[in-house]
Amino acid sequence: MSDKKFDLTERLEDFAASIIVLYDKKPMTYAGDYLAKQLIRSSCSSALNYGEALGAGTDKDKINKLRICLKELRESLRNLNIQSKANLFSEESISKLKDENDQLIRIIVTRIKNIN
């Protein structure tokens, strides 16, 4: 992950794509299906809102879009934690996703602080 590691747009898109791939072939229970759809929405929303933040005209608008991105990333992490605790996925199978999710949260928090 050479230069890609530092391209936040790529990382957010890759994170969302990894979530989609995770569920592509997974048989679903009612809970698994519900949580999967919500996780796909929140992970994709974080990438999409980051894109909106990049095009924001004012710092206030940029901060607002970054906060939405942050909210969606936090929702994604809670969702992954719930699925792990409910044994829908083993911790080993989603630990890299959770780690990336946590790193993305930290980066977005830093971006918000640097604007203020």
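The values are calculated or read from the model by the stated rules, or taken from the named source; none is laboratory data. Remember, it's a predicted structure, so these values are computed and weren't measured experimentally. Cβ coordinates were reconstructed from backbone atoms using ideal geometry, including for glycine residues, and neighbour counts include every protein chain displayed.
Looking only at residues in segment 55-68 that are touching a residue at least 40 places away in the same chain (Cβ under 8 Å) and of a type outside the set (V, I, T), which one is surrounded by the fewest Cβ atoms within 10 Å (Cβ to Cβ)? Ranking the candidates gives D59 first.
Out of the residues in segment 26-54 meeting the condition of being free of Cβ contacts under 8 Å to residues at least 40 places away in the same chain and either in contact with an Asp or Glu (Cβ under 6 Å, 6 or more places away or on another chain) or not in a helix (DSSP H, G or I) (or both), tell me which one is surrounded by the fewest Cβ atoms within 10 Å (Cβ to Cβ). Here the residue is P27.
Restricting the first member to segment 1-25 and to residues that are closer than 15 Å to L97 by Cα, and the second to residues that are at pLDDT below 95, the beta-carbon pairs closer than 6 Å and six or more apart or on different chains are E10/K4; Y23/A36.
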